[in-house]
């Protein structure tokens with residue numbers, strides 16, 4: 001007796017009942033990106049491992065612990081992408097897209113990290129990603145944040161909090177790094193094992209530690225703001241001024257550093273208290289040195305990523321419902337002649353109304369059985385075709401969700417009638 005094959009740990013199936021919310025999220029994102037002039041970009045799911053080591057940083061959790069990496073048959077070192085920015089940066093360099101200097105793009109798709117699975121954290125997860133290249137001023141920082149704010153509003157998600165900080169230039173971070181090493185070395189005995197390992201490699205990551213005793217040490221650590229250069233301070237002040245003018249509420253969070261080494265200057269997070277420990281739903285910042293670090297011409301950049309699974313969880317907890325692809329009409333056909341005529345009628349209705357979502361009954365069944373299927377489908381109307389209706393050249397139209405009385409319509413006018421009932425506008429409503 002064979003046993004069933006279970007999914008891998010940390011991955012999940014998106015079933016039809018939930019897919020409608022995913023479609024709503026992704027369609028809304030496409031609309032918002034189009035409103036801001038961002039173009040879609042698609043990059044490979046697999047890249048050379050060295051890409052992520054050079055961009056994300058050797059002392060990050062992602063590179064040290066979480067990447068799905070392997071050596072293929074050709075001895076190439078390959079990694080399933082753990083995030084999108086590095087791949088997009090590589091792609092704009094590889095394809096010479098920075099010759100025009102300015103670029104705004106977005107993408108969405110699966111990412112992979114071998115993390116400990118929990119609610120809102122998966123080993124295969126999905127992100128919506130926005131990136132802009134060639135813009136050095138604080139106005140693009142503000143636009144990126146405003147874009148994310150608009151997308152969250154369009155999704156109906158209120159109550160999220162925006163946290164901001166500035167990491168300054170690499171030089172100011174290097175000065176801050178020295179201060180952190182000195183401070184944490186004096187308290188090394190109170191640090192957790194991961195923090196001690198990072199002490200001389202990337203002490204900024206200690207600020208993100210979730211270890212309780214380490215957090216108490218972090219509370220007394222020097223602040224990055226004390227090491228910022230004048231230009232970074234002025235840049236950050238302009239970002240905040242733009243957000244103030246736009247009416248965006250935010251909090252400057254001096255301990256916010258983000259988990260990737262390529263960030264510089266502005267970093268930000270949208271957080272919620274509705275998802276437990278997985279509080280961040282969208283985050284990003286500037287990475288002005290990344291393009292040069294990957295071999296391209298020095299070009300400023302900024303971007304953010306939004307976790308789709310966490311957004312869908314939020315939508316569900318708020319009771320959001322999306323219609324998705326449920327049929328608008330269900331064609332009930334009982335009898336040998338009705339079955340043949342019904343299938344032809346369904347095709348002609350779809351020809352007349354390209355946007356009509358019409359499901360045709362398959363597999364036979366009596367009227368009672370087919371009406372149960374029609375009701376389960378979620379359709380608003382049932383189009384009823386039996387032998388009697390065929391003889392009289394009509395179709396019965398039954399309202400499954402409201403109080404409209406059942407009516408009959410001639411076969412050659414049913415397209416016009418169903419279009420009117422459903423308020424369809426994209427079609428030609430030809431006589432059938």
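Just to verify a number: FRET efficiency for residue 174 and residue 5, C-beta to C-beta distance, R0 = 45 Å, to 0.05?
Values: r = 51 Å, r/R0 = 1.12.
Taking R0 as 45 Å, the efficiency between residue 174 and residue 5 is 0.35.
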A chain fully extended from residue 367 to residue 340 at 0.36 nm per residue, minus the present Cα-Cα distance, gains in nm 8.1 nm
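Rounded if a/c is under 1.5, else prolate if a/b is larger than b/c, else oblate: which is the range 1-91, with a ≥ b ≥ c the root eigenvalues of its Cα gyration tensor? Provide the component values of the computation, followed by the final result.
On the way: a/c = 2.25, a/b = 1.09, b/c = 2.07.
Note, shape of the range 1-91 comes out oblate.
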Stretched fully, the stretch from residue 136 through residue 245 gains (0.36 nm per residue minus C-alpha distance, one decimal, in nm) 37.2 nm
When 116, 197, 286, 123 are ranked with the fewest other C-beta atoms within 10 Å first, the list becomes 116, 197, 123, 286
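With a 10 Å Cβ neighbour count serving as the proxy for reagent exposure, in which order, fewest first, do 111, 306 appear? Display every interim value, and only then the final one.
Details: 111 21, 306 24.
Ordered from fewest to most neighbouring Cβ atoms within 10 Å, 111, 306 come out as 111, 306.
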Taking 0.36 nm per residue of separation between residue 399 and residue 355 and subtracting their Cα-Cα distance, the length gained on full extension comes to 13.9 nm
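What per residue convex hull volume, in Å³, do the alpha-carbon atoms of the range 178-234 yield?
Convex hull of Cα atoms, per residue: 81 Å³.
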Here the relative contact order (percent) of the range 329-422, from C-alpha pairs under 8 Å and at least 6 apart, is 29 percent
Here the FRET efficiency for residue 212 versus residue 30, based on Cβ atoms and R0 = 41 Å and rounded to 0.05, is 0.45
Simple spin-label estimate for residue 238/residue 153, 7 Å along Cα→Cβ, in nm, reads 2.4 nm
By Cβ neighbour count within 10 Å, fewest first, 261, 399, 273 rank 273, 399, 261
Quick note, the range 108-196: a/c under 1.5 would make it rounded; otherwise a/b > b/c is prolate and the rest oblate (a ≥ b ≥ c, C-alpha gyration tensor); here it is oblate
Taking a label point 7 Å from the Cα of residue 387 along Cα-to-Cβ, the residues of the range 332-360 whose backbone nitrogen sits under 16 Å from it are 333-342
Expressed to one decimal in nm², the mean projection of the alpha carbon convex hull of the range 329-422 is 5.4 nm²
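Where a number appears in this text, it was derived from the coordinates with a stated rule and is not lab data. Nothing here was measured: the structure is a model prediction, and the numbers come from that model. Methodologically, a virtual Cβ is constructed for each residue, glycine included, from the backbone with ideal geometry; neighbour enumeration extends over all protein chains shown.
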